[in-house]
Every structure is written in C-alpha cells, then in structure tokens.
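*Asks:* Quick one: the structure is below, questions incoming.
The values are calculated or read from the model by the stated rules, or taken from the named source; none is laboratory data. Because the structure is predicted, anything quoted here is derived from the model rather than measured. Backbone-built Cβ (ideal geometry, glycine too); neighbour counts: all protein chains shown. Please note that ligands, DNA and RNA were not included when accessible areas were found on the heavy atoms of the full protein model with its side chains. Shrake-Rupley method; radii C 1.70, N 1.55, O 1.52, S 1.80 Å.
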Amino acid sequence: IAAIAEQGVAWSAITHFPETAVAHWSLMTGVLPAVHGDVPAFGRSRYTGPTLAEHLKAQGYQTGAFIGGETLTDRSTGLSRGFDVYDDRHPWDRADLKRPGQEVTASALKWIDHVSDPTRPYFAFIHYFDAHFPYTPAPPWDTAYLGENPSPLGGSDEELRPYRDGERTPSAADIAKVAALYQGEISELDAILGPLLKRLAGQPNTTVIITSDHGESFAHDYWFNHRDGLWDEVIRVPLIWKGPGFSAATAEPPLVGLVDVVPTLLHALDLPA
C-alpha cells in the first residue's frame, strides 16, 4: 500500500458515518448519510439517484464487485445496483463475518483478467473485511507486533465483547495486546493485496483508489469498536489515489471526505458528473 501511495497521493480523509453500510453508500454516490437513511435496518438506501457503478455502466464500463464481509452483501445493503457482477456469496460464521481476503483477491483477479479489453474500460470494487474486528490475524501476523506483552487477552469476539459492551475496562497491557493484533491484521491485508496491486501495476492508465469506511477506537473508554464514536481514530481514514492526473505533487486540499471520491473520479475520467 505504501508503494502505491508513493506513486500517487495519500490523504487523511473523513468518513461521513463510522459504519460499513452507510459509509459505503456515501462513498459510492457522493451523497451524505442522511439521504441514505438507516441502511442496516432496511437492507437498502432510500437514495434513488445513480450510484458510481450505474453511472459508469451507462458510460460503457464493465462493472464488478467482490465483497469480503457479510455487512456489505447485497441482502444487507442493496449496494449491487449497477454492477454486472456482485460477488458476495460465501459461507460465514457469526463469530467472524469475513470472507478470507485471498478468496476476494482471486475472484477479482479472475474477473479483471476476463474483462480486460483496451476498447472497453472496467470498474472493479474490491472490498476486504480482514482488518476488522475480531482481531484474529493468521501466522505470522498474529505475533508480529506483540513483543513481550504479558496480557492473556486475545482478539476473538467472545473475549472482547465485555470490553466492547462497556462491562469491563482493559489494562494498558490489554490495550497494547489488542492493538498489536489489529496491526497484524493490517499487515496481513497488505500482503493479501499484493497479487492484485502487482497485476494493476501493469495497467498504467488504471486508476487505483484505496480507502476505508471507518477506523477503530482504542481509547476514550470506548474499546475496540467504531459505530458509536466520532474521535479521529474512528472517522479519519486513509485515501490513497494513484492514476492519471494524480501525483505526489498534487496539492492537498484542506479537507477531503469519502463523498469527494465520485465527483473527483468522474472529473479525472472526463465524464459528466
């Protein structure tokens, strides 16, 4: 990810709602959360305007989405609008709602290789849930950042739920232990992205955007969670952009948020907003 950032622009952006479904609807439409309503409750947005996928499909793009977690499936969000392929079906366990990132990468690469055609562009939305609660990275990432931490606390839902629900307060060692597991997940995801980013490196005219829907709280007496907090670590997310018209010399705006992605991308592609 750092290599992509060095070739383009990296911003500290704002997510407009620290929860998966609503944040992604804002990302995919350029419209603020209030317009979308309570997406998790109804399984859809009440917004009737075009999504990015619908807009690009109307402009001749092939569109595919590859989903890494239950909270962004079509049945949970209705986000499949405009996608030729919305690959969100996978077995899942309530203890961990993710689809392994390696499967997401493989499915996305298979589709990209199939549709790559210089005469017809494509839009791929690739979603990962690996760097997310529960914090259970696979070896070697499960111990990569632990050091000599004495805390016995792990990153499973069963172990952390009392802290997430405000029933228990972690010690400093507990917090450091869980943060190390979370860092391990981020590094694990970085490795999972490797084959995809390597493939895209051979497409110099392809725009690559890497961002997130929310951060995670490790302080403020709000532990290992995100939806009910508006601290910087929860609403500040990375926004990395590599593509034609963007370089390290691009001036950083004073404020950038997820709703800026759609209009900025359409401008960069010289498409009508």
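*Asks:* Could you tell me how many degrees, from 0 to 90 and to the nearest 10, lie between the Cα long axis of helix 101-115 and the main elongation axis, the longest principal axis, of the Cα atoms of the chain?
*Replies:* Long axis of 101-115 versus the principal axis of the chain: about 10 degrees.
*Asks:* While we're on this one: Could you grab the relative contact order for the chain? Cα pairs under 8 Å, six or more apart, rounded to a whole percent.
*Replies:* Relative contact order here is 28 percent.
*Asks:* Enter the accessible area of SER12 (Å², nearest 10), with the probe set to 1.4 Å and all protein chains included.
*Replies:* 60
*Asks:* Calculated FRET efficiency, ASP190 and ASP221, Cβ-Cβ r, R0 35 Å, to nearest 0.05?
*Replies:* With a Förster radius of 35 Å, E is 0.70.
*Asks:* Can you give me the convex hull volume of the Cα atoms of the range 1-135, divided per residue and expressed in Å³? Before the final figure, lay out the partial values.
*Replies:* Values: hull volume 18.3 nm³, N = 135.
Here the figure is 136 Å³ per residue.
*Asks:* Follow-up question, since we're still on this one. Extending each Cα 7 Å along its Cβ direction at SER116 and ALA172, get the distance between those two points in nm, one decimal.
*Replies:* 5.1
*Asks:* On to the next question. Can you give the log10 of the normalised intensity I(q)/I(0) at q = 0.07, 0.10, 0.12, 0.15 Å⁻¹, computed with Debye over equal Cα scatterers of the chain?
*Replies:* -0.25, -0.53, -0.77, -1.22
*Asks:* Right, something else. Ranked from highest to lowest mean number of other Cβ atoms within 10 Å per residue, what is the order of the peptides 222-235, 143-156, 174-187?
*Replies:* 174-187, 222-235, 143-156
*Asks:* How far apart, in nanometres, would the label points at ASN149 and GLN102 be if each is projected 7 angstrom from Cα along the Cα-to-Cβ direction?
*Replies:* 2.4
*Asks:* Might you work out the accessible area of HIS114 for me, using a 1.4 Å probe with all protein chains in place, and round it to the nearest 10 Å²?
*Replies:* Taking all protein chains as shown, HIS114 has close to 150 Å².
*Asks:* Run the paramagnetic zone check for ARG94: 7 angstrom along Cα to Cβ, then residues of the range 102-141 with backbone nitrogen under 13 Å.
*Replies:* Correct set: none at all.
*Asks:* Follow-up question, since we're still on this one. So how exposed is LEU269, as accessible area in Å² (1.4 Å probe, rounded to 10)?
*Replies:* Per-residue accessible area (LEU269): approximately 60 Å².
*Asks:* Average projected area of the Cα convex hull of the range 32-109, in nm²?
*Replies:* 5.9
*Asks:* For ASP232 and GLN203, FRET efficiency with R0 = 30 Å and r from the beta-carbon atoms, rounded to 0.05?
*Replies:* Efficiency, from the Cβ-Cβ distance: 0.30.
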